[in-house]
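To start, the structure under review is shown below, and the notes come after it.
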2 protein chains.
Amino acid sequence: MQNPTGNNGDSKPAPTAALIVIGNEILSGRTQDVHTQWIGEKLTNHGIRLSEVRTVKDSRDKIIDAVNTLRCRYNYVFTTGGIGPTHDDVTSAAMATAFNVNFGVNMDARKILEAHYGRENFSVARLKMAMMPHGVTLIPNSVSAAPGFALENVYVMAGIPRIMQAMFEHVLEGLEKGEPILTNTIGCDLPESAVSSGVGDIQSRYMTVEIGSYPYFRAGSVGVNIVLRSTDPERLRAATREVMTLIDNAGGFPNPMGMQAPLDD
Amino acid sequence: MQNPTGNNGDSKPAPTAALIVIGNEILSGRTQDVHTQWIGEKLTNHGIRLSEVRTVKDSRDKIIDAVNTLRCRYNYVFTTGGIGPTHDDVTSAAMATAFNVNFGVNMDARKILEAHYGRENFSVARLKMAMMPHGVTLIPNSVSAAPGFALENVYVMAGIPRIMQAMFEHVLEGLEKGEPILTNTIGCDLPESAVSSGVGDIQSRYMTVEIGSYPYFRAGSVGVNIVLRSTDPERLRAATREVMTLIDNAGGFPNPMGMQAPLDD
């Protein structure tokens with residue numbers, strides 16, 4: 001059955017995901033979060049939509065609340081931070097409470113840590129990094145050994161970007177792959193309001209294309225980038241052509257940038 | 001009455017805040033969020049604790065859900081994004097629904113926009129930027145005229161960083177000022193686990209000092225920064241001294257960095 005957008009209607013909706021960034025240092029402004037953009041881009045390229053991000057303190061209650069809300073709403077939940085050896089690393093214990101399972105030493109994780117540090121350097125502090133909820137699957141850490149873990153649809157990863165990224169690359173291989181979400185961006189040097197009603201009209205006729213409008217102010221000049229996303233390259237091309245015509249008719253110069261569905265004609 | 005931490009117990013708890021970052025472009029990875037760090041730092045310096053951040057799509061339902069949850073939990077809620085003239089700018093309408101008030105043209109905002117653009121350039125698209133919930137207080141925009149607004153304890157601001165920052169500076173002047181949250185940072189070149197149990201012990205004896213432990217891997221060497229925060233400079237100094245002694249005893253060199261409560265002795 002054709003739907004009014006011309007989409008054939010049998011494409012599966014994209015899997016969805018949420019991210020929980022855990023850490024007082026992000027909220028205090030000490031540390032710039034880089035996880036959201038990095039993970040958001042990886043998921044987009046994998047055909048998974050990152051739908052929500054929550055940044056919470058190193059607090060068991062806040063972590064439990066966030067994970068129990070989000071794991072029911074989205075296909076996948078990722079967390080970053082709070083799985084190290086210190087008193088403020090409370091993520092693993094919070095996960096055990098959230099899932100109502102026992103918390104204790106994971107023997108596989110212990111073996112990995114013991115092999116990495118050597119038995120003589122394997123302190124009680126380091127043993128804490130093997131403390132996990134019962135029934136997890138380990139996520140390997142190719143940078144510094146201490147593993148993350150997965151529990152049902154929740155993936156618990158480290159907070160240090162290099163380590164998180166290594167863990168995430170491993171996790172991503174095992175996730176359901178959605179249809180690729182393609183992005184076309186058209187820039188122009190018009191003020192946003194010159195094209196906004198036209199872009200709104202195009203959006204209303206292309207339900208399978210998500211259209212965003214991002215104005216900018218640079219070196220005293222104004223402009224707007226229109227970003228079109230879809231899993232359907234034909235509809236994406238058609239909507240992109242309409243946006244370019246709209247800009248042209250409004251007296252602007254439509255500038256194609258980063259076209260994942262190029263207009264070959 | 002003295003409490004066990006030596007704090008005299010009559011200091012007011014710091015005001016709390018939440019931030020809602022609104023925009024598909026942040027979730028897709030297209031745009032790096034810079035609001036969280038900037039606002040987090042400003043609030044910390046103002047003695048307000050940023051306690052939670054949610055990043056949500058340009059979706060009325062998601063915005064309503066986030067704002068109605070957070071405005072009951074925290075003293076202040078800030079939002080960024082979604083108040084421009086395009087179809088994907090749905091924040092203002094969502095706020096009207098969230099607060100269950102009428103939505104329409106704000107005459108003061110209209111006047112500001114008309115004066116800025118000139119009557120001949122004041123299009124229907126631009127009028128959309130004057131559409132607001134009933135009963136708001138405007139937040140001036142010194143960059144591009146179109147104002148934000150406040151409704152009860154919720155402050156609705158633009159998404160473009162320069163504009164948001166100008167709005168926020170204005171808002172901040174009117175917020176309750178908490179006692180300044182002071183931060184001392186001690187770096188050392190030991191692995192985190194070498195000091196983690198000692199730091200945990202210090203934390204347990206200093207309830208009014210928040211101690212964070214942030215390991216790093218740089219150019220093949222490991223290290224850890226211990227970050228201590230408090231509104232009580234005396235307790236902060238005492239805890240900082242203990243952390244430095246701990247590092248020294250563990251064979252490391254304690255390196256004071258960014259001391260807002262310097263150890264004068």
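No lab work stands behind these numbers, since they all come straight from the coordinates. As the structure is a computational prediction, the values presented were derived from the model and not from experiment. Cβ coordinates were reconstructed from backbone atoms using ideal geometry, including for glycine residues, and neighbour counts include every protein chain displayed.
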In the neighborhood of A:Trp38, defined by Cβ-to-Cβ distances under 14 Å, what is the net charge if each Lys or Arg adds +1 and each Asp or Glu adds -1? -1
Skipping prolines and chain starts, which residues have an amide H placed within reach, meaning under 5 Å, of the one on B:Asn106, given they are 5 or more residues away or on another chain? B:Met131, B:Met132
Near B:Gly81, within a Cβ-to-Cβ distance under 9 Å, what is the net charge of the other residues, with Lys and Arg +1 and Asp and Glu -1? -3
Only sites in a loop by DSSP and with at most 15 other Cβ atoms within 10 Å count here; which GluC sites (Glu not before Pro) in the range A:139-177 make the cut? A:Glu152, A:Glu176
Computed over chain B: longest principal axis from alpha-carbon atoms vs helix B:35-45 long axis, angle to nearest 10 degrees, is 60 degrees
Any lysines with Cα under 23 Å of the B:Lys111 Cα? List them, leaving off those in the same chain fewer than 8 positions away. B:Lys128
Can you find, among A:Leu190, A:Ala66, A:Gly223, the residue sitting farthest towards the positive end of the charge dipole of the protein assembly as shown, where Lys and Arg contribute +1 and Asp and Glu -1 at Cβ? A:Ala66
Cα centroid separation, the range B:159-177 to the range B:235-265 (Å): 34 Å
Helix-only [θ]222 nm of chain B, DSSP H runs n ≥ 4, -39500 (n - 2.57) each, per residue, nearest 500: -11000 deg cm²/dmol
Nearest 5 percent is fine: what portion of the DSSP beta bridges confined to chain A is antiparallel? 65 percent
By the Cα gyration tensor axes a ≥ b ≥ c (a/c under 1.5 gives rounded; else a/b larger than b/c gives prolate, otherwise oblate), the shape of the range B:171-265 is prolate
B:Lys57: which lysines have alpha carbons under 18 Å from its alpha carbon, excluding same-chain residues fewer than 8 sequence positions away? A:Lys42
So if I restrict to the alpha-carbon atoms in the protein assembly as shown, what is the Rg, and what is Dmax, the biggest pairwise distance, in Å? 25.0, 79
Inverse of mean 1/r across different Cα pairs in the range B:135-199, Kirkwood, Å: 15.1 Å
Restricting to bridges with both residues inside the protein assembly as shown, how much of the DSSP beta-bridge set is antiparallel, in percent to the nearest 5? 65 percent
Gain upon complete extension [B:Asn121, B:Asn102; 0.36 nm per residue less C-alpha separation]: 4.1 nm
How far is B:Ser221 from itself in the other copies, in nm, if each label sits 7 Å out from Cα along the Cα-Cβ line, shortest first? 4.7
Residues whose modelled amide H sits under 5 Å from the amide H of A:Arg49, counting only those 5 or more places away in sequence or on another chain, are A:Thr16, A:Ala17
Could you run the Karplus curve 6.51 cos²θ - 1.76 cosθ + 1.60 with θ = phi - 60° over the range B:142-158 and give me ³J(HN,Hα) per residue in whole Hz, x for Gly and Pro? 7, 8, 9, 6, 4, x, x, 7, 10, 9, 6, 9, 10, 10, 9, 10, 6
How long is the gain from B:Asn68 to B:Leu172 if the chain were fully straight, where each residue apart is worth 0.36 nm and the alpha carbon distance is subtracted? 35.3 nm
If one compares the long axis through the Cα atoms of helix B:60-73 with the longest principal axis of the Cα atoms of chain B, the angle in degrees, nearest 10, works out at 50 degrees
Tell me, what ³J(HN,Hα) does each residue in the range A:196-210 have, in order and in whole Hz, if you take phi through Karplus 6.51 cos²θ - 1.76 cosθ + 1.60 with θ = phi - 60° and put x for Gly and Pro? 5, 6, x, 5, x, 5, 4, 4, 5, 9, 10, 5, 8, 10, 8
Once you list every other residue whose beta carbon is under 13 Å from the beta carbon of B:Ala166, what net charge do they have if Lys and Arg are +1 and Asp and Glu are -1? 0
Compute the long axis of helix B:161-173 from its Cα atoms, compare it with the longest principal axis of the Cα atoms of chain B, and write down the angle in degrees, 0 to 90, nearest 10. 80 degrees
